[in-house]
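Chemist: First the structure, then my questions, so here it is.
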Amino acid sequence: MTSRIDRISLLAVPGLAYLAVIYALPLLILLAKSIRTPDGISFAEYAAFFSDDYNMGVLLRTLRVAALTTLLALLIAYPTAFAMNRAKGPMLTVFLVAMVLPMSLGVVVKAFAWSILFRANGFINTSLQWIGLTEKPVRMLFTETALVIGAANVFLPFMVLPIYAVVRQLDQRLPEAAASLGATPFFRFFHVTLPLTLPGVVAGSAFTFSMAISMYVIPSLIVGERQQTLSMLIARSFLYLRNEALGSTISAVLLAIAIIVVVFSSWLARRLEARQ
Amino acid sequence: MTAEKAPAGRHYLDVWGVAKSFKGTRVMSDMNFRVERGELVSLLGPSGCGKSTLLRIIAGLLDADEGSVVLDGRDITRQPAHKRNISVVFQNYALFPHLTVAENVAFGLRARGMAKGATGAPVADALALVRMTEFADRPIAALSGGQQQRVAVARALVVGPDLLLLDEPFSALDRKLRETMQVELKSLLLDRGITAIFVTHDQEEAMGVSDRIAVMNAGRIEQFADPSTLYSRPASPFVMDFVGLSTRLEAVSKGRDGDLTVFDTAYGKVRAQENIPAGTRALVGVRPELVKPGEGENRIATTLADVMVLGSKTVLHGGAGEVDRILCELPGIRSGMARGDKVELGWAVGDTLVYGMAS
Ligand SMILES: Nc1ncnc2c1ncn2[C@@H]1O[C@H](COP(=O)(O)OP(=O)(O)OP(=O)(O)O)[C@@H](O)[C@H]1O
Ligand SMILES: [Mg+2]
């Protein structure tokens, strides 16, 4: 029995080796650079990073944008997952293609498409003016709002698919049982449907949040240099400032956030599953 | 709709003129079904005959296309399920997997707005009723099938429903446990005077548990009667076949002979009281325990195809053909008969069931 398990776990060796060389090793080197100074090991770079108001502003903006992106994606994805669960045959195919196809389009193409949508004489502004909601074009491109909307769009499939997977497993008789026990639709949602689909929400939110805090191309294209995010700051440190210590420090901060998100969400998912 | 009205108040539950289609396919039309207060009623029928559909319409989980449902004088046809005060025990119990046993039982009380602190006593009572007190804090996944069934019953009863609906509540249990649970549940419901409707496709279960049985076939009720009437006087060949096995023979009426009608069958002449015109095709039947070797006014001769010694009874199988079947059940273990023996079997004229066939 044990030898069987051992042999099966050997199958993981190529994957682990690949991860060690391509992922873990460079990351370790990077981390090492953030604490190695000419005077030996020191956390001075970190102290400097956290005491700088500008850096803290970027950190907060990055977290805020990621949180809002996750929230927006969740609000759109949750009902979508239920609609997909209802859809049958060709309609379901349409849904799945609509989810997957945009992923193959590439972020750059999409970002340029949005700039057409968001710019001063773009579709949204023309419509707003035509309805009479605004007199002058509203500034949308280069704002955080546009960034959140765009990012939520890109990451939507990563939110929808985990939720859809859970919704599909949901026993339809559970809400019915709740109804026959006197539960209003509202009570049913908050005491049956939502708790049972929460593992999908947690998984989708963890995916979306960790991708949103580290996104680089989308903010570069939508908001540009004016409003930096952590990833842009990292790129700038390495590429323009040639400050490897700063770059690797910020990378470590970003990595720490990502690890916290992953650990916390898998702890939460396990807890939710243990209850079921 | 015309201004017809259901006769309110006459029956406790009055399902009246109900019709239902799924995507243009009629599965139920002009269904009429009435249950009195405190009755235990079974819906018995083959798979797909519409038992669950009727139950779901009564519970409000499905909308009827036509007709109405009246409960205790209230027209509940357009009321959503959560306002009807009708509890349902589902086939696989549909317990909430994210809640403990006690939380499952408390669900209906909480949904009705009872404070969390107040649910303790009624939940404890309900769990004691189904003897699940010591499992209160267990998660659902840690329970056996029979235990889950008890929790489902406790959850349904704790809210004090006006009507309890059970959709094949025992089908996931093994035979022994099923029989125990049937007895337990029946006495529980009788003690508390609860009106209940069971769905089942097991005729023994229906006969053991209920005051009256509605035998359903293809979206219609073929007969609605107490178990003994249903068994001794089935209203149609379908009911005769579905409720218990019986001897059944294709027959042709030869007309009256005094007070009786004489029928020709492949195994001999059979007499019965029903007046069936000469030349009409018919089906004659008799319950197997009423058939005796060498006794009775009606006699048929057959070769035994099988002799099954079952312990409490011995069953003789005879007859052959698509329709014809001869069954004789004798109490206890009988030896001295074997496959291939030629026997004469008989029964009383008064026990003969006759169904004229329009053709
Ligand atoms: N949601 C549905 N969509 C389409 N057809 C349905 C639906 N529900 C039931 N039917 C059809 O209606 C008929 C009656 O179904 P129902 O579930 O009431 O049968 P049943 O008597 O409960 O059978 P079983 O003993 O197998 O549970 C069947 O022919 C079934 O295929
Ligand atoms: Mg059914």
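Chemist: Per residue of A:181-192, how many C-beta atoms from partner chains lie within 10 Å of its own C-beta, taken as a mean?
Modeler: Working: counts 19, 16, 7, 6, 2, 0, 6, 2, 0, 0, 7, 5.
Other-chain Cβ atoms within 10 Å of each residue's Cβ, averaged: 6.
Chemist: Next question. ³J(HN,Hα) across the stretch B:197-211 via Karplus (A = 6.51, B = -1.76, C = 1.60, θ = phi - 60°), whole Hz, x for Gly/Pro?
Modeler: Those phi angles translate into 10, 9, 9, 7, 10, 10, 5, 5, 4, 4, 5, x, 8, 10, 6 Hz.
Chemist: Please report Rg over Rh for the stretch B:26-92, where both radii come from the alpha carbon positions and Rh follows the Kirkwood definition. Walk me through the intermediate numbers first.
Modeler: Numbers: Rg = 12.1 Å, Rh = 13.0 Å.
Across the stretch B:26-92, the Cα-based Rg/Rh ratio is 0.92.
Chemist: Is any residue of the stretch B:18-34 close enough, with backbone N under 18 Å, to a label point placed 7 angstrom from the Cα of A:Arg86 along the Cα-Cβ axis, and if so, which?
Modeler: Counting only backbone N, you get B:23.
Chemist: When a/c is below 1.5 the answer is rounded, else prolate if a/b is larger than b/c, else oblate, so apply that to the stretch A:168-276 with a ≥ b ≥ c taken from the square roots of the Cα gyration tensor eigenvalues.
Modeler: The shape class here is prolate.
Chemist: Please arrange A:Asp6, B:Asp351 by counting, for each residue, the other beta carbons lying within 10 Å of its beta carbon, fewest first.
Modeler: Lowest count first: A:Asp6, B:Asp351.
Chemist: Same structure again: Pairs B:Lys51/B:Lys254; B:Lys23/B:Lys83; A:Lys88/B:Lys186; B:Lys51/B:Lys176; A:Lys88/A:Lys110: which are spaced more than 32 Å apart, C-alpha to C-alpha?
Modeler: The pairs that break the limit, which is 32 Å between Cα atoms, are B:Lys51/B:Lys254; A:Lys88/B:Lys186.
Chemist: Can you compute the helix-only [θ] at 222 nm over the protein assembly as shown? Use -39500 (n - 2.57) per DSSP H run of at least 4 residues, normalise by all residues, nearest 500 deg cm²/dmol.
Modeler: -14000 deg cm²/dmol
Chemist: Could you work out Rg/(2.2 N^0.38 Å) for chain B, with Rg from alpha carbons only?
Modeler: 1.19
Chemist: Continuing with this model, one more query. I need A:Leu74, B:Leu61 ordered by Cβ neighbour count within 10 Å, fewest first. Don't skip to the answer; put the middle values down first.
Modeler: Values: A:Leu74 19, B:Leu61 22.
Fewest-to-most ranking of A:Leu74, B:Leu61: A:Leu74, B:Leu61.
Chemist: For chain A, the longest stretch holding no chymotrypsin sites (Phe, Trp or Tyr not before Pro) located in a DSSP loop with at most 15 other Cβ atoms within 10 Å is which?
Modeler: Counting at most 15 other Cβ atoms within 10 Å as exposed, the longest clean stretch of chain A is A:44-215.
Chemist: Also, I was wondering about something else. Determine, from the Cβ-Cβ distance of B:Met357 and B:Arg74 and an R0 of 41 Å, the FRET efficiency 1/(1 + (r/R0)^6), rounded to the nearest 0.05.
Modeler: The value I calculate is 0.40.
Chemist: Dipole magnitude of the stretch B:13-239 about its Cα centre, charges +1 at Lys/Arg Cβ and -1 at Asp/Glu Cβ only, in debye to the nearest 20?
Modeler: Dipole magnitude for the stretch B:13-239 comes out near 460 debye.
Chemist: Over chain A, with a Gaussian network built from C-alpha contacts below 10 Å, which listed residue (A:Leu156, A:Leu198, A:Leu133) shows the highest mean-square fluctuation?
Modeler: Result for chain A, Cα springs under 10 Å: A:Leu133 fluctuates most.
Chemist: What FRET efficiency, computed as 1/(1 + (r/R0)^6) with R0 = 51 Å and r the Cβ-Cβ distance, is obtained for A:Asp39 and A:Glu225, rounded to the nearest 0.05?
Modeler: 0.95
Chemist: With only alpha-carbon atoms counted, please give the Rg and Dmax of the stretch A:3-49, in Å.
Modeler: Calculated on Cα positions, Rg and Dmax stand at 17.5, 52 Å.
Chemist: Apply 1/(1 + (r/R0)^6) to the Cβ-Cβ distance of B:Ala266 and B:Thr229, taking R0 = 25 Å, and write down the FRET efficiency to the nearest 0.05.
Modeler: Working from the Cβ atoms, E equals 0.25.
Chemist: By how many nm would the segment from B:Ser47 to B:Lys23 lengthen if fully extended, with 0.36 nm per residue of separation less the alpha-carbon distance?
Modeler: 6.7 nm
Chemist: Within chain A, which complete DSSP H helices have Cα atoms spanning at least 15 Å along the helix axis and a mean Kyte-Doolittle hydropathy of 0.0 or higher? Please list the in-between numbers first.
Modeler: Working: long enough: A:25-35 (16 Å, 2.14); A:53-86 (49 Å, 0.86); A:89-100 (17 Å, 2.16); A:107-118 (16 Å, 2.04); A:144-169 (36 Å, 1.37); A:194-213 (27 Å, 1.51); A:244-275 (46 Å, 1.30).
Correct list, ordered by number: A:25-35, A:53-86, A:89-100, A:107-118, A:144-169, A:194-213, A:244-275.
Chemist: Each label point is 7 Å from the Cα along the Cα-to-Cβ direction; what then is the distance between the points at B:Leu245 and B:Arg10, in nm?
Modeler: In this crude label model, B:Leu245 to B:Arg10 measures out at 4.2 nm.
Chemist: Determine the distance separating the Cα centre of the stretch B:100-130 from the Cα centre of the stretch A:174-242; give it in Å without decimals.
Modeler: 36 Å
Chemist: Evaluate the distance, in nm, between pseudo-label points positioned 7 Å from the Cα of A:Leu19 and of B:Val309 along their respective Cα→Cβ axes.
Modeler: The two pseudo-label positions are separated by 6.7 nm.
Chemist: Just grab the label-to-label distance for B:Ala141 and A:Leu255, each label 7 Å out from Cα along the Cβ direction, in nm (one decimal).
Modeler: Here the modelled spin labels are 3.4 nm apart.
Chemist: Given contacts defined as C-alpha pairs under 8 Å and at least six residues apart, what's the relative contact order of the stretch A:145-276, whole-number percent?
Modeler: Across the stretch A:145-276, relative contact order equals 28 percent.
Chemist: So what's the stretch B:44-149 giving for Cα Rg divided by 2.2 N^0.38 Å, two decimals?
Modeler: Here the answer is 1.27, to two decimals.
Chemist: Now a separate question. Once you order the gyration tensor axes a ≥ b ≥ c over the Cα atoms, which shape class does chain A get: rounded for a/c under 1.5, otherwise prolate or oblate by comparing a/b with b/c?
Modeler: Oblate shape, in that a/c is at least 1.5 and b/c is the bigger or equal ratio.
Chemist: Quick one: work out Rg over Rh on the C-alpha atoms of the protein assembly as shown, Rh as Kirkwood radius. Let's see the in-between values first.
Modeler: Values: Rg = 36.2 Å, Rh = 31.3 Å.
Using Cα coordinates only, the ratio equals 1.16.
Chemist: How would you rank B:Lys51, B:Lys269, going from fewest to most other Cβ atoms within 10 Å of each one's own Cβ?
Modeler: Ordered by Cβ neighbours within 10 Å, fewest first: B:Lys269, B:Lys51.
A short reminder: the numbers here are calculations on the coordinates, not readings from a lab. Keep in mind that what you see is a predicted model, and the values were worked out from it rather than measured. Using ideal geometry, Cβ is built from the backbone for each residue, glycine included, and neighbour counts are taken over all protein chains shown.
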